[in-house]
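**Q** Have a look at this one before I ask anything.
The values are calculated or read from the model by the stated rules, or taken from the named source; none is laboratory data. Being a predicted model, the structure only gives us computed values, none of them experimental. Virtual Cβ from ideal backbone geometry, glycine too; neighbours counted across all protein chains shown. With ligands, DNA and RNA removed, areas are computed over all heavy atoms of the protein, side chains included. Shrake-Rupley method; radii C 1.70, N 1.55, O 1.52, S 1.80 Å.
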Amino acid sequence: MTARLLRSWLFLPADNERFAARALTGDADAVILDLEDAVADRSKAAARAGAARHTGDAGNAARHLYVRINALDTPHALADVTAVVGPGLEGIVLPMAGRAADVEILDWLLTQAEHAGGLPVGRTAVVPLVECAAGVVRMGEIARASTRIRTLAYGSGDLAADVGMPWEATGSGDIGVRSLLALHCRDAGIGPPLDSVSMAIDDEDALRAEAHRSRDLGFGGKLCVHPRQVATINETYLPSAARVEWAHRIIAATDEAEARGAGAVRLDGQLMDIATIESARRILDLVAAAR
């Protein structure tokens with residue numbers, strides 16, 4: 001069975017119960033309750049308790065519920081993990097992942113929490129956020145650091161601040177980083193990466209341009225910060241109707257050629273190579289995975 005395609009990953013502050021409850025019944029493919037950037041230090045404990053109420057509800061497992069914990073070098077990370085691992089939690093988003101050891105430490109903490117909660121060991125997924133220079137340099141080892149890793153996510157704003165470059169969401173300054181993310185995810189056998197958030201919540205054209213750019217580089221989805229961004233993201237990370245029709249025609253021609261025992265596949269007067277046929281299969285797999 002093809003794994004469900006998760007295109008839109010909606011961040012919400014875990015200390016806002018009204019927003020969280022609404023998101024869990026909304027259209028985002030995945031929901032991320034945030035304990036880090038969106039929560040002030042004085043509210044960390046309340047946010048953690050709020051997240052735990054949702055992750056402790058097994059009914060939320062179908063909502064692809066994630067929690068972004070605080071970074072491992074903060075005094076909050078251990079309490080975050082201990083509190084939120086539960087039957088309704090699909091995974092943890094790990095901020096500032098800079099080395100494989102960060103993932104390995106989180107893996108160990110999750111194992112202890114799963115044991116303590118009577119949950120199957122290994123059930124909790126991990127999505128490391130690549131958002132610092134150390135993470136970019138070591139993204140290959142990070143992608144392979146644990147069997148829990150679903151994919152890598154990109155934090156372009158934090159990376160820009162770390163290395164001192166302008167944060168231009170639709171610019172080309174970080175195209176090399178984005179390309180490497182897609183390549184390392186593919187090489188590690190994990191899902192395609194997730195693009196960084198867009199802060200242009202009132203500019204659908206800018207959001208669509210960002211999503212198109214990362215999709216064309218091999219990304220499979222995008223983090224977002226507002227529910228109104230979800231529909232655009234879900235639409236953009238699916239192949240167009242024309243591409244789907246093209247893929248169906250390629251596969252139909254391939255099946256016909258195989259039935260005739262022909263070694264070559266022709267369509268519209270052109271020979272189809274193996275790479276083209278595989279591209280068509282991947283397009284149809286994407287469509288199936290989004291259902």
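**Q** When the scattering of the range 171-265 is computed by the Debye formula from its Cα atoms alone, each counted once and equally, what is log10 I(q)/I(0) at q = 0.14 Å⁻¹?
**A** Per q value, in the given order, log10 I(q)/I(0) is -0.65.
**Q** What is the local net charge at PRO13, summed over the other residues whose Cβ is closer than 15 Å to its Cβ (Lys, Arg +1; Asp, Glu -1)?
**A** Spelling it out: positives minus negatives among the neighbours equals 0.
**Q** For the range 22-97, build the charge dipole from Cβ charges (+1 Lys, Arg; -1 Asp, Glu) around the Cα centre, then report which of LEU94, HIS76, GLY50 sits farthest towards its positive end.
**A** Value computed over the given set: GLY50.
**Q** How big is the range 1-88 along each principal axis, measuring the range of its Cα positions in Å and listing the largest first?
**A** Dimensions of the range 1-88 along the principal axes of its Cα atoms: 40, 26, 22 Å.
**Q** How much net charge surrounds THR147 when only other residues with a Cβ under 12 Å from its Cβ are counted (Lys, Arg +1; Asp, Glu -1)?
**A** Surrounding charge for THR147 is +2.
**Q** Another question, if that's okay. Take the Cα pairs of the range 15-55, get the Kirkwood Rh, then feed it into Stokes-Einstein at 10 °C and 1.306 mPa s and tell me D in µm²/s.
**A** 150
**Q** Mind pulling the angle between the C-alpha long axis of helix 274-289 and the longest principal axis of the chain? Nearest 10 degrees, somewhere in 0 to 90.
**A** Tilt of helix 274-289: around 50 degrees.
**Q** Find, to one decimal place in angstroms, the Kirkwood hydrodynamic radius of the range 54-208, where the mean of 1/r is taken over every pair of different Cα atoms and then inverted.
**A** For the range 54-208, inverting the mean 1/r across all distinct Cα pairs yields 16.2 Å.
**Q** Please work out the average accessible area per residue across the chain, using the 1.4 Å probe convention, and give it in Å².
**A** In whole numbers, the chain has 47 Å² accessible per residue.
**Q** At a 10 angstrom cut-off on C-beta neighbours, averaged per residue, how do the peptides 216-225, 109-118, 264-273, 27-36 rank from highest to lowest?
**A** Descending packing order for the listed peptides: 27-36, 216-225, 109-118, 264-273.
**Q** Which option, [x] 21.4, 84; [y] 20.7, 61; [z] 20.2, 70, is the value of Rg and Dmax of the Cα atoms in Å that was calculated from these coordinates?
**A** [z]
**Q** Can you figure out the FRET efficiency of GLU17 with ARG208, using R₀ = 30 Å and their beta-carbon distance, to the nearest 0.05?
**A** 0.45
**Q** Can you tell me the orientation of helix 204-216 relative to the chain, as the angle in degrees between its alpha-carbon axis and the longest Cα principal axis, to the nearest 10?
**A** 70
**Q** Sticking with this one: What is the magnitude of the charge dipole of the range 200-241 about its Cα centre, with +1 placed on the Cβ of each Lys and Arg, -1 on the Cβ of each Asp and Glu, and no other charges, expressed in debye to the nearest 20?
**A** Roughly 180 debye, rounded to the nearest 20.
**Q** As I understand it, the value is the acute angle between the Cα axis of helix 241-260 and the longest principal axis of the Cα atoms of the chain; what does it come to in degrees, rounded to 10?
**A** That works out to roughly 50 degrees.
**Q** Where nothing but the Cβ of Lys and Arg (+1) and of Asp and Glu (-1) is charged, how large is the charge dipole of the chain around its Cα centre, in debye to the nearest 20?
**A** I would put it at about 620 debye.
**Q** What part of the accessible area of the range 158-291, given as a whole %, is carbon or sulfur when the probe is 1.4 angstrom?
**A** 53
**Q** For the range 172-223 and the range 136-153, what is the separation of their Cα centres, given in Å?
**A** 16
**Q** Applying a 10 Å radius around every beta-carbon, put 150-163, 179-192 in order of their mean neighbour count, most first.
**A** Answer by packing, highest mean first, reads 150-163, 179-192.
**Q** Which length gain, in nm to one decimal place, applies between ILE274 and SER43 when the Cα-Cα distance is subtracted from 0.36 nm times their residue separation?
**A** Between ILE274 and SER43, full extension yields 77.7 nm more.
**Q** Among DSSP beta bridges lying fully in the chain, give the percent that are antiparallel, nearest 5.
**A** The antiparallel fraction comes to roughly 10 percent.
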